[in-house]
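The values are calculated or read from the model by the stated rules, or taken from the named source; none is laboratory data. Quick caveat, the model's predicted, so the values are computed rather than measured. No Cβ is skipped: glycine too gets one built from the backbone with ideal geometry, and neighbour counts run over all protein chains shown. The protein model used for the area step is the full one, side chains on, heavy atoms only, and it has no ligands, DNA or RNA in it. Shrake-Rupley method; radii C 1.70, N 1.55, O 1.52, S 1.80 Å.
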Amino acid sequence: MTVDPAGIIARARADRTFSGAAWAYGGSAGVVDRGTFGTLSWDGDPVRDDTLWDLASVTKPIAGLAVMSLVEAGALTLDDPIAAHLPEYAGTDKAEITVFELLTHTSGLPGQEPLWRRCATRAELLTALRELPLRFPRGTEVEYSSAGFIVLGLIAERASGTPLDTLVAERVTAPAGMKETRFLLPEEDRARAAATEDCPWRGRIVRGTVHDENAEVLGGVAAHAGLFGTLNDLAALGQALCRGGRGTGGRIVAERTLAVMTEPRTDRLPLRRALAWQGRDPHRCCGGDLLTPAAYGHTGFTGTSIWVDPVLDVFVVLLTNRVHPTRDSDAITRLRPRFHNAAVTACLAAS
C-alpha cells in the first residue's frame, strides 16, 4: 500500500476538520517532503508556504528552550523556587514551586483557568494568577497547566532582565533559523495568517491575533501561547532539534542540555512529561504508533504540532486551524496519529 500523508490531509479537510493545513517531515539533513492544502478560512485564500499559524501551546517548548538556555548560562537552575525570582510570590503557597515543577506540569497550579473571564488587564490577570488555589500539593501529580507556564515566562524575564519576546527571539528563533516566528503580528502580516475561532467573547473571527484568551489579556506575549510561525520555520526547528540543538543561525542549546530537557520525567499516563515537552506515550499518543520511546513533541490547541525522534532522526510538523470556525470538533485527535504514522513511514522510506 502506498504511503500518502497528503491524502490523509485532503480527506481530513473534506471532513471539515480544518479549512487549511501545512506539513513537513524530515531529519537532520533537511526536509524530505512538505505540502500545503486548503484555505486560510472556509471562504478565504489558499494556504501558502508563508502562511502564519497561531502555534498556541507549541509556544511552550519554544519558551522552554529559552529557559534551558538560561540554565546553561547560569542565570537560573531547575531547582530555583518561584520566589527566588518573583519576590511578590514570597509568603504564598506557590513560593517554593520550582522551575522543574513548572516545566513538568507538576506544580499544582490548575490547568485551563479562564482568568480572562474576570480579568480585563494584564495586572489583574497576574494578580489572579498569584491568588489561584493549588489543585494538589506541588510535585505530587501531573496536571497540564498553562498557568504554570505564564509564571515560568515571568521567571525567565526576571532571571535574564529581558522581555520574553526578545528572549525567545535572541535565544531560540534566531539561532534556529525561524525568521518569521514571533509574538504580535504587525497589521500588514495578519492577512496571511490562518483564521482561528469565530469568538463570541471578541465578537469576530480571530485572525492574526492570539487565539488564547488569557494570552490576549496579557498583551499577546506569554510563555504558554502567543507565537505565530510559518511551515518553513517549524521545519527549521525540527531540523535543529534533530541536530541536537544546532540551527542554521547557531546553537539553540547544547546537545547535553537538549538531552536533559527531553528526558521523560513523569510516568503518569496518558501524558508523560519531559521539561516543556510531552514524551511519547505507549498508547494513544498523538505522535502515532511508530515513534521510539525517545521521541518528544507538543501540540497546540489551534491544531498545530511538532514531534521529533532523535533515534529515528525524524521530525514531523503539522499545522492546521482546526478551531475554525469553532473549537467543538475533536476530529484532530483522530487525524494526528494517522498522519504521523504515514509521515514517519514515508520519511524513513526516503532515507
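If you check Glu143, Glu131, Glu124, Glu96, which single one turns out to be over 21 Å from Ala274 (Cβ atoms), charged (D, E, K, R) and touching a Leu at 6+ places or on another chain (Cβ under 9 Å)?
Numbers: Glu143 fails: over 21 Å from Ala274 (Cβ atoms); Glu131 fails: touching a Leu at 6+ places or on another chain (Cβ under 9 Å); Glu96 fails: touching a Leu at 6+ places or on another chain (Cβ under 9 Å).
From the options Glu143, Glu131, Glu124, Glu96, the qualifying one is Glu124.
Buried (at least 18 other Cβ atoms within 10 Å of the Cβ) and in contact (Cβ under 8 Å) with a residue 40 or more places away in the chain, is that true of Gly30?
Working: buried (at least 18 other Cβ atoms within 10 Å of the Cβ): no; in contact (Cβ under 8 Å) with a residue 40 or more places away in the chain: yes.
Criteria not met by Gly30.
Return yes when Thr162 is at pLDDT 95 or above and either at positive phi or outside any helix (DSSP H, G or I) (or both) and no when it is not.
yes
With Arg11, Arg34, Arg48, Arg16 as the choices, which residue is touching a strand residue (DSSP E or B) at 6+ places or on another chain (Cβ under 6 Å) and among the basic types (Lys, Arg)?
Arg34
Do we have any residue at all in the range 171-179 that's assigned to a loop (DSSP other than H, G, I, E, B), touching a residue at least 24 places away in the same chain (Cβ under 8 Å), within 23 Å of Ala254 (Cα to Cα) and open to solvent by 40 Å² or more (accessible area, probe 1.4 Å)?
yes
Do you know which residues across the range 142-166 are open to solvent by 30 Å² or more (accessible area, probe 1.4 Å) and of a type outside the set (Val, Ile, Thr)?
Of everything in the range 142-166, those that are open to solvent by 30 Å² or more (accessible area, probe 1.4 Å) and of a type outside the set (Val, Ile, Thr) turn out to be Glu143, Tyr144, Glu157, Arg158, Ser160, Gly161, Pro163, Asp165.
Do we find a residue being hydrophobic (A, V, I, L, M, F, W, C), touching a residue at least 24 places away in the same chain (Cβ under 8 Å) and closer than 18 Å to Ala222 by Cβ anywhere in the range 80-87?
yes
In the range 207-249, what residues are β-branched (Val, Ile, Thr) and buried (at least 24 other Cβ atoms within 10 Å of the Cβ)?
Correct list: Val210 only.
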